[in-house]
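Accompanying notes for the structure given below.
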Amino acid sequence: MSFFQEKIIWITGASSGLGEAIAVECAREKPKLVLSARRESELQRVKKECTKFISEENILILPLDVAELSNVNEEVQKVIKKFGRIDILINNAGVVQRSYVIDTPVELERKMMEVNYFGAVILSKAVLPFMRKQNSGNILAVSSVMGKMGFSGRSTYSAAKHALHGYFETLRIEEKRNGINVHIICPGYIKTNVSLNAMTASGNNYGKMDKGQEKGMDPNIAARKVLKAIRRNKFETFFGGKELIAITVKRLFPSLFYWLILKAGKPKF
């Protein structure tokens, strides 16, 4: 029997990219899925892909904007009413950034923190009492290599991902005794449209595909690595290409890391 079979798995940011790939890979394992994102039409498309492996009645479409979770308890109750429990929460929703500190309005920085940090925190806190009652559960936060270092044009995005590490590391320590496992996923470049949809200083989409993104890991391969991390109960999981070398260089040779970053120059937006 698969580790994920019959488990109730809730995925945010499930309408595209890595979230979509995780949903489809999960479906192959015969669980029951809750798919959340802002765009219901895209969630319906992903649901159709998932029904190649599981029945339609085992999929709940739950449109959700993680930047606005004032009714979060009501949303959680919808999942409980449908499936009776929540076994795995995958906090994947997020937005990336392409703007310099000096140009980025505070309002935009707050919005990015709401999506990339507070969304995961608020939803995780809302499902936690149910997982405690079950004495079991898995909570996963999708971070990034930017959660381990800063980079020009990524200030608030990097800050939000750094914050995830502090918060979810603490959550893992506190909830282990209650049978709840916590995971952080730190991908490098994945070949998705994430850079196309990145937020610029004006609040508009960046609209360009980064070279690194274009040559990034296939999202289906990345999704399988995410599921493997949950199965093996790994706290931090890193995957990607050469960009991961930067994390090791920063840890062992910080002066060299900053010299290389400065030498690379500022990206143009």
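List the trypsin sites (Lys or Arg not before Pro) within segment 226-269 that DSSP assigns to loop and that have no more than 11 neighbouring Cβ atoms inside 10 Å. Kindly include the intermediate steps, with their values, before the conclusion.
On the way: sites: Lys228, Arg231, Arg232, Lys234, Lys242, Lys250, Arg251, Lys263, Lys268; in loops: Arg232, Lys234, Lys268.
When the trypsin sites (Lys or Arg not before Pro) of segment 226-269 are filtered for loop state and at most 11 Cβ neighbours within 10 Å, Arg232, Lys268 remain.
Based on DSSP, what percent of beta bridges with both residues in the chain are antiparallel, to the nearest 5?
Details: 1 of 28 bridges.
Antiparallel bridges: around 5 percent, rounded to the nearest 5.
I'd like the orientation of helix 155-175 relative to the chain: the angle between its Cα long axis and the longest Cα principal axis, in ° from 0 to 90, rounded to 10.
With rounding to tens, the tilt is 40 degrees.
Sort Thr200, Thr156 by Cβ crowding within 10 Å, fewest neighbours at the top.
Thr200, Thr156
Expressed as an acute angle from 0 to 90° and rounded to the nearest 10, what is the orientation of the C-alpha long axis of helix 72-83 relative to the principal long axis of the chain?
40 degrees
Given labels modelled 7 Å from the Cα in the Cβ direction, how far is it in nm from Thr51 to Val101?
Label-label distance for Thr51 and Val101, simple model: 5.0 nm.
From the backbone phi of segment 138-152, what are the Karplus-calculated ³J(HN,Hα) couplings (6.51 cos²θ - 1.76 cosθ + 1.60, θ = phi - 60°) in whole Hz, Gly and Pro given as x?
10, 10, 10, 10, 8, 9, 5, 4, 5, x, 10, 7, x, 7, 4
Anything over 32 Å Cα to Cα? Flag those among Lys125/Lys208; Lys111/Lys215; Lys234/Lys268; Lys7/Lys211, in the order listed. It would help to have the intermediate numbers written out before the result.
Details: Lys125/Lys208 35 Å; Lys111/Lys215 29 Å; Lys234/Lys268 37 Å; Lys7/Lys211 37 Å.
In this structure, Lys125/Lys208; Lys234/Lys268; Lys7/Lys211 exceed 32 Å between Cα atoms.
Give the Debye-formula value of log10 I(q)/I(0) at each listed q (0.13 Å⁻¹), with one equal scatterer per alpha carbon of the chain, two decimals each.
For the requested q values the scattering log ratios are -0.83.
Quick one: which residues, 5+ away or cross-chain, put their amide H under 5 Å from the amide H of Asn138? H built at 1.01 Å from N.
Ile88, Leu89, Asn181
Kindly write out, for segment 229-244 in residue order, the coupling ³J(HN,Hα) from the Karplus curve 6.51 cos²θ - 1.76 cosθ + 1.60 (θ = phi - 60°), rounded to whole Hz, with x marking Gly and Pro.
5, 5, 4, 8, 6, 8, 6, 10, 10, 10, 8, x, x, 4, 4, 5
Calculate how steeply helix 119-134 sits against the longest principal axis of the alpha-carbon atoms of the chain, using the helix alpha-carbon long axis, and give the answer as 0 to 90 degrees to the nearest 10.
On a 0 to 90 degree scale, this one is about 30.
Treating only the Cβ atoms of Lys and Arg (+1) and Asp and Glu (-1) as charged, compute the dipole magnitude of the chain about its Cα centre; round to the nearest 20 debye.
Numbers: 42 positive and 26 negative charges, 158 e Å.
Using only the charged Cβ atoms, the result is roughly 760 debye.
Fewest first, what order do Trp259, Trp10 take by the number of other Cβ atoms within 10 Å? Before the final figure, lay out the partial values.
On the way: Trp259 11, Trp10 26.
Ascending Cβ contact count within 10 Å gives the list Trp259, Trp10.
FYI, it's all coordinate maths here, none of it is from the lab. What you see is a predicted model, and the numbers here were worked out from it, not measured in a lab. Cβ atoms come from the backbone with ideal geometry, glycine included; neighbour counts cover every protein chain shown.
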